[in-house]
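A.B. asks: Could you have a look at this structure, given as structure tokens, before my questions?
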Amino acid sequence: MVEAAIVGVGTTDYFRRGQSAPRTVNDMAVEAILAALSDSGLTADDIDGFAYYAHGFDTGWFAQALGIPRIIFSATVTSGGNGSAACIGLAAAAVESRQAQVVVSVMSIQQTPDRRFGASGTMRPATAESDFEAPYGIVSPGHYFALVARRHMHEYGTTRDHLFDVVKVQREYASNRPKSLFKTALSRDEYFNSRMISDPLCLFDFTMESDGAVAVVTASVDRARDLRQPPVRILASAMGGDGRWGRGMSWIGMDDDLFTTAGTEALARELYGRAGITADDVDVALLYDHFSPSVLLQLEDFGFCGRGEGGPFVSEGHTGKNGKIPVNTHGGNLSEAYIIGLTHVVEGVEQIRGTAINQVERAEIALVTGGPSHIPVGAILLHR
């Protein structure tokens, strides 16, 4: 077991795209960090490290804005949302190796009319690969996932009803959460009458475009015992993926046996091996859900059901609160808010603390993932 623990979490309110103004990205990041410090009982004077995963945040700016007296560690894992869990592993590694004592991870996102996170890649410079893809409309991650979903349907009989059930379950979880951007149930008619974006993925199969910030504070287990909250230990972390999956959402060249997966079977084996557990030991799963099919693919890759069985597994109720493995009990990116995945870490912490709004009874181990996307992707296991 890693000798590091999450000791504090904090968030801003969440906003629909562009509605967080006049606050800035940095304003919201500082608000979330201060909330996480308050949750832990620490102050800015205690921070000596930062572990990031996207957006190029400026550690020097945070040091000045928060009045941090000394920084001795600052690093970023590669990539975007696929690093949302991995950055906690990075923070834990810094703490365990004594490169820092108190490490903050933060994500803040604000979308404006001229800066939309989900915009297509049509304006990007042409490449040898894009010349074969762009003419056929493959210009954004949603288009790639639509192809993977369609192939999964062809090979395993997955249907749009299965995708609807993914979104419906998560909407139910989100409906009673004060900060959720979706607070009403999703009817079958509403889902099937919504506009198609990239067949077979409709509006509700896509993550939201939202604004807000989340912060997480990691410290040593010894330090954590004296703080305000019970420590949530990092049982294990892993980062990587199958090399043949490669850049995932950025190309369509995966080997046939990997095409209809999240590319994370090898990562799951490594993570479980480091923790000395199996999928049967996991009590709640927070699976990165930028698109509804990614939930099905990860259920299969992480061993909660067999290959091709993700659709029926969800439709039979196994991801609901009383199911075999409750999934995204906060609503996830699809229904609570899209803060590039760090909300999943917050929910994992609250589940292990026993303070979650949709608390899973006797939850002792939580799985949190990033991706699927181009590797490396990351995953962590949280434990009491």
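The values are calculated or read from the model by the stated rules, or taken from the named source; none is laboratory data. Note that the structure is a prediction, hence the values are computed from the model and not measured. When we count neighbours, we look across all protein chains shown, and the Cβ atoms used for this are built from the backbone with ideal geometry, even at glycine. Ligands, DNA and RNA are excluded from the accessible area calculation, which covers all protein heavy atoms including side chains. Shrake-Rupley method; radii C 1.70, N 1.55, O 1.52, S 1.80 Å.
A.B. asks: Report the extension gain between D226 and W251 in nm, rounded to one decimal, defined as 0.36 nm multiplied by the number of residues separating them, less their alpha carbon distance.
C.D. replies: 4.2 nm
A.B. asks: Leaving out ligands and nucleic acids, and using a 1.4 Å probe, what accessible area per residue does the chain come to in Å²?
C.D. replies: 39 Å²
A.B. asks: Restricting to segment 246-384, compute how many DSSP beta bridges are antiparallel as a %, nearest 5.
C.D. replies: Here the share of antiparallel DSSP bridges comes out near 55 percent.
A.B. asks: Continuing with this model, one more query. Which order do you get for V216, V30 if you rank them by accessible area with a 1.4 Å probe, largest at the top?
C.D. replies: Correct descending sequence by accessible area is V30, V216.
A.B. asks: At 7 Å along Cα-to-Cβ for each site, give me the label-to-label distance between S175 and K321 in nm.
C.D. replies: 1.1 nm
A.B. asks: Cα-based Rg (one decimal) and Dmax (whole number) for segment 316-384, in Å?
C.D. replies: Computed over the Cα atoms of segment 316-384, radius of gyration and Dmax are 12.0, 34 Å.
A.B. asks: Okay, which of segment 194-228 sit inside 15 Å, backbone N to the point 7 Å along the Cα-Cβ direction of I72?
C.D. replies: 219-220, 223
A.B. asks: Right, here's the next one. Given H placed 1.01 Å from N in the peptide plane, which residues other than close sequence neighbours of E129 have an amide H under 5 Å from its amide H?
C.D. replies: Amide H neighbours of E129: none.
A.B. asks: ³J(HN,Hα) across segment 195-209 via Karplus (A = 6.51, B = -1.76, C = 1.60, θ = phi - 60°), whole Hz, x for Gly/Pro?
C.D. replies: The phi angles translate into 5, 7, 9, 8, 3, x, 9, 9, 3, 7, 7, 9, 4, 6, 9 Hz.
A.B. asks: Next up: Rg to Rh for segment 248-354: what is it, with Cα atoms only and Rh by Kirkwood?
C.D. replies: Taking Rh as the inverse mean 1/r over Cα pairs, Rg/Rh reads 0.95.
A.B. asks: Sticking with this structure for a sec: Heavy-atom accessible area of D256 with all protein chains present, probe 1.4 Å, nearest 10 Å²?
C.D. replies: For D256, solvent-accessible area is about 100 Å².
A.B. asks: Evaluate the relative contact order of the chain (contact order divided by residue number), counting alpha-carbon pairs under 8 angstrom at least 6 apart; express in whole percent.
C.D. replies: Normalised by residue count, the contact order of the chain is 26 percent.
A.B. asks: Next up: From a point 7 Å beyond the Cα of R98 in the direction of its Cβ, which residues of segment 224-247 have a backbone N at a distance under 17 Å?
C.D. replies: 224
A.B. asks: For K168, give me every one of the aspartates and glutamates with a C-alpha distance below 12 angstrom, ignoring sequence neighbours fewer than eight places off in its own chain.
C.D. replies: Those aspartates and glutamates meeting the cut-off are D189, E190, D205.
A.B. asks: From the Cα trace of segment 252-295, what convex hull volume per residue do you get, rounded to a whole Å³?
C.D. replies: Cα-based convex hull of segment 252-295, divided per residue, equals 98 Å³.
A.B. asks: Restricting things to alpha carbons, tell me how big segment 167-263 is in terms of Rg and Dmax, in Å.
C.D. replies: 19.7, 54
A.B. asks: Tell me the carbon and sulfur percent of the accessible area for the chain, rounded to whole percent, probe radius 1.4 Å.
C.D. replies: 49 percent
A.B. asks: Shifting gears a bit: For segment 1-93, calculate the relative contact order in percent as a whole number, restricting contacts to Cα pairs under 8 Å that are 6 or more residues apart.
C.D. replies: 28 percent
A.B. asks: Still on this model: Just the number: Rg to Rh for the chain, Cα atoms, Kirkwood Rh, two decimals.
C.D. replies: Result for the chain is an Rg/Rh of 0.95.
A.B. asks: What nm distance separates the two modelled labels at D58 and N193, each placed 7 Å from Cα along Cα→Cβ?
C.D. replies: 4.9 nm
A.B. asks: A further question follows. What distance in nm separates the two pseudo spin-label positions at E209 and A128, each 7 Å out from Cα along the beta-carbon direction?
C.D. replies: 3.4 nm
A.B. asks: Of all the C-alpha pairs in segment 190-234, what % are more than 13 Å from each other?
C.D. replies: So the portion of pairs separated by more than 13 Å is 69 percent.
A.B. asks: Here is a follow-up. Within segment 319-356, find all residues whose amide N lies under 19 Å from a label point positioned 7 Å from the Cα of A279 along Cα-to-beta-carbon.
C.D. replies: Hits in segment 319-356 for A279 at 19 Å: 319-329.
A.B. asks: So if R0 is 35 Å, what FRET efficiency would M1 and E155 give, r being the distance between their Cβ atoms, rounded to the nearest 0.05?
C.D. replies: 0.35
A.B. asks: Then there is this: Convert each backbone phi in segment 374-381 into a coupling constant with the Karplus relation 6.51 cos²θ - 1.76 cosθ + 1.60 (shift: θ = phi - 60°), then list the ³J(HN,Hα) values in order as whole Hz, x for Gly and Pro.
C.D. replies: 5, 6, x, 10, x, 8, 9, 10
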